[in-house]
Amino acid sequence: IDDFFEKYAKGQLIPYWKSMENWTYTTGQTPKGHAMHLTGLNFESVVYDEDPQKARLVAFFNMDPRDKCMNCPRDYGTWEQIAKRVSMTRPLRAKVLIAAIDQSNNEHPENKVAAKLGEPVI
């Protein structure tokens with residue numbers, strides 16, 4: 001316990017982000033699709049740390065129907081179409097990563113995106 005509070009006082013605690021890939025947990029299957037599915041656990045490593053020569057386009061969706069983002073499911077389909085086109089074009093695939101995160105189930109450190117979305121954000 002002392003170690004925890006010492007690290008807290010020094011600002012050395014590693015953040016833990018809520019991470020639940022609902023596409024996986026609801027079906028028990030690996031998500032299919034062309035966009036990389038981000039979670040709270042892999043967000044930082046994929047978006048901030050991987051290949052610095054590759055651009056990343058991340059779409060933030062809120063797929064929880066209780067939050068009433070009516071355009072999120074529709075726009076997610078459009079995002080998948082964009083990801084498919086990029087994945088089928090070798091020069092683009094080498095330079096751009098298309099990813100998506102359902103932030104109703106996954107926390108992330110990106111502070112430019114609201115915690116609860118009423119509309120999808122890229």
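Tabulated data
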| quantity | calculated |
| --- | --- |
| Most to least packed among 100-106, 32-38, 57-63, 46-52 [average Cβ atoms within 10 Å] | 100-106, 57-63, 32-38, 46-52 |
| Summed side-chain charge close to GLU80 - residues other than GLU80 whose Cβ falls under 12 Å, Lys, Arg +1, Asp, Glu -1 | +3 |
| Distant-in-sequence amide H partners of ARG56 (H built 1.01 Å from N, under 5 Å) | LEU97 |
| Trypsin sites (Lys or Arg not before Pro) within the stretch 63-109: DSSP coil, no more than 13 neighbouring Cβ in 10 Å | LYS68 |
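Read the figures in this text as sums done on the coordinates, not as results from a lab. Keep in mind that this is a model prediction, so the values were computed, not measured. Reconstructed Cβ throughout: ideal geometry from the backbone, glycine too, with neighbour counts over all protein chains shown.
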